[in-house]
Each structure stands twice: as C-alpha cells, then as structure tokens.
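Sharing a structure below in structure tokens format, with a few things to ask.
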Amino acid sequence: MYLTISEAAEYLSVSVAYIESLILQGKIRALHDGEQYLIYKDQFNTHMEQLAKYKVLVEEMANEPIPEDKDIKDED
C-alpha cells in the first residue's frame, strides 16, 4: 500500500515538512508519479515494532519500584 506525504506524516505522527526532508535526504524511499510522491507503507514496519518495544520498556521502568538506598540510616 502506498501513502501520500500527508498520509505518511499522519501515520508516523510527524510533520509533512519532516517527511519531505527525509525523502530528499534519501532516508525514506518514495516514488514520484509526476504529481506527488508515493511512499510504500511497509518500509515503516520495523520502525513501528521498535517503537512499540520502546514504549513497553519505558512503561516497565516507570512501574519498577525504587530500591531503598542502603546508605540512608533511620535516625528516628
């Protein structure tokens, strides 16, 4: 499935200008049909998988309890 630049920007939650700059830098593969750029959607699968793994990791770290510091003495 192919996306336009604006659809790709919405799919990746970034700006249209950022997608255009990535295309010009060659970091995103795109086809130009004479009127617009078309971007193959499946090239972002790895990115989306890594993003999902990162979100899970951040959530696990946020839910992990803070260990007590062994250098703190209770002086009450």
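The values are calculated or read from the model by the stated rules, or taken from the named source; none is laboratory data. Predicted, not measured: the structure shown is a model, and the values here were computed from it. Ideal geometry is used to build each Cβ from the backbone, glycine not excepted, and the neighbour counts take in all protein chains shown. Ligands, DNA and RNA are stripped out before the accessible areas are found, and what is left, the full protein with its side chains, is counted by its heavy atoms. Shrake-Rupley method; radii C 1.70, N 1.55, O 1.52, S 1.80 Å.
Nearest 10 degrees is fine. How inclined is helix 45-63 to the longest principal axis of the chain, computing both from alpha carbons?
20
Only sites in a loop by DSSP and with at most 14 other Cβ atoms within 10 Å count here; which GluC sites (Glu not before Pro) in the stretch 13-76 make the cut?
Numbers: sites: GLU20, GLU35, GLU49, GLU59, GLU60, GLU68, GLU75; in loops: GLU35, GLU68, GLU75.
In loop regions of the stretch 13-76 (DSSP not H, G, I, E or B), the sparsely surrounded GluC sites (Glu not before Pro) are GLU35, GLU68, GLU75.
For a quick protection proxy, order the peptides 27-33, 52-58, 1-7 by their average other-Cβ count within 10 Å, most packed first. Display every interim value, and only then the final one.
Numbers: 27-33: 12.3, 52-58: 10.0, 1-7: 14.6.
Per-residue Cβ counts within 10 Å, averaged per peptide and sorted highest first, yield 1-7, 27-33, 52-58.
I'd like to check one number: the per residue accessible area of the chain, probe 1.4 Å, reported in Å² as a whole number.
Numbers: 6690 Å² over 76 residues.
With all protein chains present, the chain gives 88 Å² per residue.
If amide H atoms are built 1.01 Å from N in the plane of the peptide, which residues on other chains or at least 5 residues away come under 5 Å of the amide H of LEU3?
ILE39, TYR40, LYS41
Testing the spin-label approximation: label points 7 Å from Cα along Cα→Cβ at ALA62 and GLN43. State their distance in nm.
Output for this residue pair reads 3.2 nm.
Send over the per residue convex hull volume for the chain, Cα only, as a whole number of Å³. Mind dumping the intermediate values first?
Numbers: hull volume 11.4 nm³, N = 76.
Enclosed volume per residue, from the Cα hull, is 150 Å³.
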